[in-house]
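Colleague: Here it is, the structure, as structure tokens.
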Amino acid sequence: MTATKGLEGIVATTSSISSIIDGVLTYRGINIDELAEKASFEEVAYLLWFGKLPNATELAQLQQQLGEAAAVPGAVIDQLKLFPKDANSMAVLRSAVSALALYDAEANEMSKEANIRKAIRLQAQIPTVIAAYARIREGQEPVAPKADVSVAENFLYMLTGQTPERIAVEALDKALVLHADHELNASTFAARVTVATLSDIYSGVTSAIGALKGPLHGGANEAVMAMLEEVGTMENVEGYVARKLENKEKLMGFGHRVYKNGDPRAKHLQVMSKELGKITGNLNWYEMSVKIEELVTGQKGLKPNVDFYSASVYTSLGIPRDLFTPIFAISRASGWTAHILEQYDNNRLIRPRAEYTGPASAAYVPISQR
Ligand code: ACO
């Protein structure tokens, strides 16, 4: 038995949800480039869950279900009020999603129909939890969700209490489409491992949130913004990148385990970053990002991943840095729950082996002799 570090190249399951083949990402066979241009996040969520694009009636029905389920139980809002105001927002989301299970009468109901209903509820309630905590920590009351607007619009509305501008809704919607699923990424794998024990969907999504939080995965988008803020101005870019590369430190938002010739999602976010920078009249973050990319790709051959330009996109939308990874979770909740449903449909306990590297044989030493 020989271990492969990080399971690189190991094919751990079959899945018909999304594919990365020769650097091309598809959801259910549809190229991400086409979905980014044409599909709404709700259409994509339907596609991931049900394996086909919805017709107009099916889409309207899903939008209605998401709208109706968006309010979270008052007891969970009360808990959010008890959390420290300076808590890590992904830790808050992880705890709140776990708490949501306690108030869902169907939490441990394992029929396919109940699991689909719970997937929709989770998708609807994750944005509400994030927006509510973002307001509570500022001493403001949460804003109740609307029942008849998109996930992207509702989130921006709940965050600010104001109807968001159309361009902001469109930009966030596209970001949600781009982040919705990504084959067997770390958080999706964590979700599948958890539910493969026949544990419930809330446990699967809670595991996934924990995995997404790390800076080598979803946490990288916040780390990119921290980097841009640290660099501060264009004149500092060259020195910063040179120091990082010299010290063999990682530059956040670059590199990918699967893509070696570039992440197909990054270009869409780059375009959005530029457009939003023009609208806000601040192209500084975009231009610094382009310069960093030029240097890192030029000197190290590393290409930006999905997280790199999403940092400047979310900043242009006025979103606080520590909500970037929770926004990733809003989107990926669709992919996580689609994978959980797929795992239940064809389940077998996921239990790999470890290559043992400890002593071959050791004697037990009584405590008095140690
Ligand atoms: N900056 C500098 N060097 C890097 C970077 C980076 N961002 N990424 C990889 N490298 C280098 C490593 O130092 C290593 O060099 P070496 O062979 O000289 O030691 C080599 O490239 C291979 O790197 P690994 O970390 O082994 O690659 P792995 O496939 O395990 O990691 C990962 C992929 C985690 C994405 C990595 O590229 C990374 O840490 N990137 C920064 C964090 C990041 O942006 N994560 C988001 C990924 S996308 C997502 O999850 C949504």
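Colleague: How many residues are in a loop (DSSP other than H, G, I, E, B) and surrounded by fewer than 19 Cβ atoms within 10 Å (Cβ to Cβ) when one looks only at region 138-175?
Modeller: 13
Colleague: Can you go through V92, V24 and tell me which one is closer than 28 Å to A144 by Cβ and touching a residue at least 40 places away in the same chain (Cβ under 8 Å)?
Modeller: V92
Colleague: What is the residue count in region 213-241 for residues that are of a type in the set (S, T, N, Q) and within 12 Å of the ligand (Cβ to nearest atom)?
Modeller: Within region 213-241, residues that are of a type in the set (S, T, N, Q) and within 12 Å of the ligand (Cβ to nearest atom) number 1.
Colleague: Here's something else I'd like to know. Please work out if D173 is more than 14 Å from the ligand (Cβ to nearest atom) and at pLDDT below 95. Explain how you work it out, then say what you get.
Modeller: Working: more than 14 Å from the ligand (Cβ to nearest atom): yes; at pLDDT below 95: no.
Against the criterion (more than 14 Å from the ligand (Cβ to nearest atom) and at pLDDT below 95), D173 does not qualify.
Colleague: Is it the case that E342 is more than 16 Å from the ligand (Cβ to nearest atom) and at pLDDT 95 or above?
Modeller: Taking the combined requirement at face value, the residue satisfies it.
Colleague: Within 12 Å of the ligand (Cβ to nearest atom) and surrounded by 19 or more Cβ atoms within 10 Å (Cβ to Cβ): is that true of S187 in this structure?
Modeller: yes
Colleague: Let me ask you something else. For region 266-315, which residues satisfy the criterion of being outside any helix (DSSP H, G or I) and surrounded by 20 or more Cβ atoms within 10 Å (Cβ to Cβ)?
Modeller: P304, N305 - these are the residues of region 266-315 that are outside any helix (DSSP H, G or I) and surrounded by 20 or more Cβ atoms within 10 Å (Cβ to Cβ).
Colleague: Assuming Y259 fulfils every condition listed in (1) hydroxyl-bearing (S, T, Y); (2) away from the ligand (no atom under 12 Å from the Cβ); (3) farther than 24 Å from S89 by Cβ apart from one, which condition is it?
Modeller: Evaluating Y259 over (1) hydroxyl-bearing (S, T, Y); (2) away from the ligand (no atom under 12 Å from the Cβ); (3) farther than 24 Å from S89 by Cβ leaves (2) as the failure.
Colleague: What are the residues in region 251-265 that are basic (K, R) and surrounded by fewer than 18 Cβ atoms within 10 Å (Cβ to Cβ), if any?
Modeller: Result: R257, K260.
Colleague: Which residue out of V72, V97 is in contact (Cβ under 8 Å) with a residue 12 or more places away in the chain, more than 15 Å from T325 (Cβ to Cβ), hydrophobic (A, V, I, L, M, F, W, C) and surrounded by 16 or more Cβ atoms within 10 Å (Cβ to Cβ)?
Modeller: Just one listed residue meets the conditions, V72.
Colleague: Taking region 316-370 as the region of interest, how many residues are touching a residue at least 40 places away in the same chain (Cβ under 8 Å), in a helix (DSSP H, G or I) and not β-branched (V, I, T)?
Modeller: Number satisfying all stated conditions: 21.
Colleague: While we're here: Are any residues in region 242-256 within 6 Å of the ligand (Cβ to nearest atom), touching a residue at least 12 places away in the same chain (Cβ under 8 Å) and not aromatic (F, W, Y), and if so, which ones?
Modeller: L251, M252, G253, G255, H256
Colleague: Residues that are touching a strand residue (DSSP E or B) at 6+ places or on another chain (Cβ under 9 Å) and farther than 26 Å from N115 by Cβ: which helices (runs of 4 or more DSSP H) entirely in region 1-81 hold 1 or more of them?
Modeller: 32-38
Yes/no per residue for (1) in the same structural domain as L283 (by TED's automatic domain parsing); (2) within 16 Å of A226 (Cβ to Cβ); (3) among the β-branched types (V, I, T):
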| position | (1), (2), (3) |
| --- | --- |
| Y309 | yes, yes, no |
| A338 | no, no, no |
| R351 | no, no, no |
| T357 | no, no, yes |
| V365 | no, no, yes |
| Q369 | no, no, no |
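The values are calculated or read from the model by the stated rules, or taken from the named source; none is laboratory data. As the structure is a computational prediction, the values presented were derived from the model and not from experiment. Reconstructed Cβ throughout: ideal geometry from the backbone, glycine too, with neighbour counts over all protein chains shown.
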